[in-house]
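To keep things clear, I will list the structure first and then write my remarks on it.
The values are calculated or read from the model by the stated rules, or taken from the named source; none is laboratory data. All values derive from a computational prediction rather than experimental measurement. FYI the Cβ positions are ideal-geometry reconstructions off the backbone, even for glycines, and counts take in every protein chain you see.
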Amino acid sequence: MSSTASGIETGRQRHKGKLSQGINIYIAVWMIVSVVPIAPYAIPLWNHALADTPYAYLIWIPVFGLIWGAISLKGIARYKDDAELNAILGFLLLGLAGTVLFAGMTEWSHIFIANNAGLLVWPFWSMGAAWLLFGIGVTRRLIKPLAYILLAWPPLYTVIVNHTNPLLYGIANAAVVKAAHLVPWLQMSGTYGNYLVNYKRSTLLVTVSSACSGGDSFLAMLILLPVILVAFKGGPIKKILLIAIGTVLTVVMNLLRLFVLLISAHTLGGNFTFGILHPIIGVLLFLGIMGVLALIGKSIGMKGRTSSATGHLSVPGWGRAGTTITAGLALTVLLWPLYSWGEGSFRSPVTVSTNNLSQLMPNMPGYHRTLLGKYNEASVLGPGSYGTAFAYSNSNGQYAMAELWWTYNASAMKSYGVNNCMLFHGDQIAGKHTFTLTPGISATTYAVLLAPSKLKGKRNLFEDVSYMYAVKYKGKTAYIRAEFATPVKYGISTTDSAVKQLGQSLPALWSAQSKGLSAQYSDINATQLDKFHSFVRTFSDITLKKKALAPQKA
């Protein structure tokens, strides 16, 4: 009997092992479908991870969140689910999240890309995939780990960084100044935050900037707060104590990091110190902090929460898995263009050395430029916003007006668009066409009847082209709208055939086959408009760094 019972028990264990292995595969499918389609929206997190910024550790939030979610799924006991209801709700949530993410790329990039709002949709997409795979019964176990992913949204930490960085920056420099009085090979330079380090017979200039203040490690501790509060068993006092110790350790470890870098620069030189050691030492010390906290937590009686990894969750089957994978592939294909967005897009701002719009206006080959005016746009576009307008003309009578607007608020720039501006001035839009100027940047061209100078007076017909692009100035992202206008016909009525022709011809005029349209559109000069379009494309190529931009005089 004992051998029979032992055999039955062994069979049960094998069966549980197979169930556990089976469910692990489907949990892996859920994690892949949760990550791969959303990856284009997570690119800023990866970029921050490789940069020396306070946001360097945000990438760990979705990593921790999905691992936490996977462990939670392993601990769910088998339950009866309604496959039809799961499919309906799963498809509904996946479809809604996918539609919002796609529209965020195509229509609302100033919010979903510029302000990283796409990351806020990530938990909903992941939950939809879980419903489709495992059923809506997993919601209660996944809601916390997926809600944790919301903390990866960078704007949440802007206020924290703005308040903590100055304090940490002062502590870091005070410590280095103290060290400069203790060792002969370290000296203060003339500027606050700059120090001279002797290396053999040369002197290295080392700058302790705001990025070196330890704000990244401090932010990392804030990121780990929910993990510590949920993943460990222990009283609230023990958890608060562990968090306090971790916060102090981040400041101490950052000072240690600075001293290690200074000693390395003195003994090993700048190439090794700033080329190899500097990029990795922060991560190494952060892992060291985690190890110290684990030891302290163990010594004060805190224990990690464990999940009964028994494989009790029902295996969904490859029908559900295939459907979930197909949904993930569909969204991956739809969002794939985000990978190709080039310079000037919200994904990849162009780095500029000045915020003087007159200097950002290029000297166009063959054209003479004249300043028309400079405007303060703070009341409309927010603080630090302004505009500049120039007229460009050549000896052949070609004329174009170019305007640039600068703001730090992408949403304000987008909401107060060209349509609003024209309607505000009483202009009439007779037609418009949107096209891709470069990957990630869309331009819109308008056929515009300007407001008459007197009641029932004649109007002037213009073509207007506008696009918006992103720039990086002194580490901060700003947004520029470029707008161009050229006259098509003067002194006409609203019923003139040229108005209809221009409105209808805009798609053809901006296509690759725009040559030879003069005969077809006899009331507008298509050849002249071709030159205007060439002017706009050359202007954009220069400002978006496709061509070399020579320094311009203000």
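If you go through region 167-174 one residue at a time, do you hit one that is part of a helix (DSSP H, G or I), crowded, with 17+ Cβ neighbours inside 10 Å and under 17 Å from the mean Cα position of the chain (by Cα)?
No: region 167-174 contains no residue that is part of a helix (DSSP H, G or I), crowded, with 17+ Cβ neighbours inside 10 Å and under 17 Å from the mean Cα position of the chain (by Cα).
Quick test for you: out of Lys144, Lys178, pick the one residue that is outside any strand (DSSP E or B), charged (D, E, K, R) and within 28 Å of Gly270 (Cβ to Cβ).
Lys178
Here is a yes/no grid of residues against (1) of a type in the set (A, V, I, L, M); (2) outside any helix (DSSP H, G or I); (3) over 30 Å from Val197 (Cβ atoms); (4) without any contact (Cβ under 8 Å) to a residue 12 or more places away in the chain:
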{"site": "Leu256", "(1), (2), (3), (4)": "yes, no, no, no"}
{"site": "Leu261", "(1), (2), (3), (4)": "yes, no, no, no"}
{"site": "His266", "(1), (2), (3), (4)": "no, no, no, no"}
{"site": "Ile276", "(1), (2), (3), (4)": "yes, no, no, yes"}
{"site": "Phe286", "(1), (2), (3), (4)": "no, no, no, no"}
{"site": "Leu295", "(1), (2), (3), (4)": "yes, no, yes, yes"}
{"site": "Gly301", "(1), (2), (3), (4)": "no, yes, yes, no"}
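Hey, can you tell me all the residues within region 320-357 that are farther than 30 Å from Ile88 by Cα and β-branched (Val, Ile, Thr)?
The answer is Val350, Thr351, Val352, Thr354.
Kindly list, by first and then second residue, each pair from a residue in region 456-485 that is in the same structural domain as Ala410 (by TED's automatic domain parsing) and closer than 14 Å to Ala114 by Cα to a residue that is at pLDDT 90 or above and of a type in the set (Lys, Arg), limited to pairs with Cβ atoms under 6 Å and residues at least 6 apart or on different chains.
Listed pairs, sorted by first residue: Met468/Arg481.
Among the candidates Val177, Val138, single out the residue that is surrounded by fewer than 16 Cβ atoms within 10 Å (Cβ to Cβ), of a type outside the set (Gly, Ala, Ser) and either under 29 Å from Leu66 (Cβ atoms) or free of Cβ contacts under 8 Å to residues at least 24 places away in the same chain (or both).
Only one candidate passes the filter, namely Val177.
Among the residues of region 318-336, what is the count of those that are within 20 Å of Ile27 (Cβ to Cβ) and touching a Gly at 6+ places or on another chain (Cβ under 9 Å)?
Total meeting the criteria: 5.
Okay, residues lined up against (1) under 19 Å from Ser202 (Cα atoms); (2) surrounded by fewer than 16 Cβ atoms within 10 Å (Cβ to Cβ); (3) not small (Gly, Ala, Ser); (4) not assigned by TED's automatic domain parsing to the domain that holds Ala172:
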{"residue": "Lys239", "(1), (2), (3), (4)": "no, no, yes, no"}
{"residue": "Met253", "(1), (2), (3), (4)": "no, no, yes, no"}
{"residue": "Leu258", "(1), (2), (3), (4)": "no, no, yes, no"}
{"residue": "Leu262", "(1), (2), (3), (4)": "yes, no, yes, no"}
{"residue": "His266", "(1), (2), (3), (4)": "yes, no, yes, no"}
{"residue": "Asn271", "(1), (2), (3), (4)": "yes, yes, yes, no"}
{"residue": "Phe274", "(1), (2), (3), (4)": "yes, yes, yes, no"}
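Test each condition in (1) within 30 Å of Val35 (Cβ to Cβ); (2) among the aromatic types (Phe, Trp, Tyr); (3) at pLDDT 85 or above; (4) buried (at least 18 other Cβ atoms within 10 Å of the Cβ) for Tyr339 and report the one that comes out false.
With (1) within 30 Å of Val35 (Cβ to Cβ); (2) among the aromatic types (Phe, Trp, Tyr); (3) at pLDDT 85 or above; (4) buried (at least 18 other Cβ atoms within 10 Å of the Cβ) applied to Tyr339, the lone miss is (4).
Residues of region 362-381 being surrounded by 16 or more Cβ atoms within 10 Å (Cβ to Cβ) and over 18 Å from Ser540 (Cβ atoms), which ones?
Of everything in region 362-381, those that are surrounded by 16 or more Cβ atoms within 10 Å (Cβ to Cβ) and over 18 Å from Ser540 (Cβ atoms) turn out to be Glu377, Val380, Leu381.
So how many residues does region 317-357 have that are of a type outside the set (D, E, K, R) and either more than 28 Å from the chain's Cα centre (by Cα) or part of a strand (DSSP E or B) (or both)?
10
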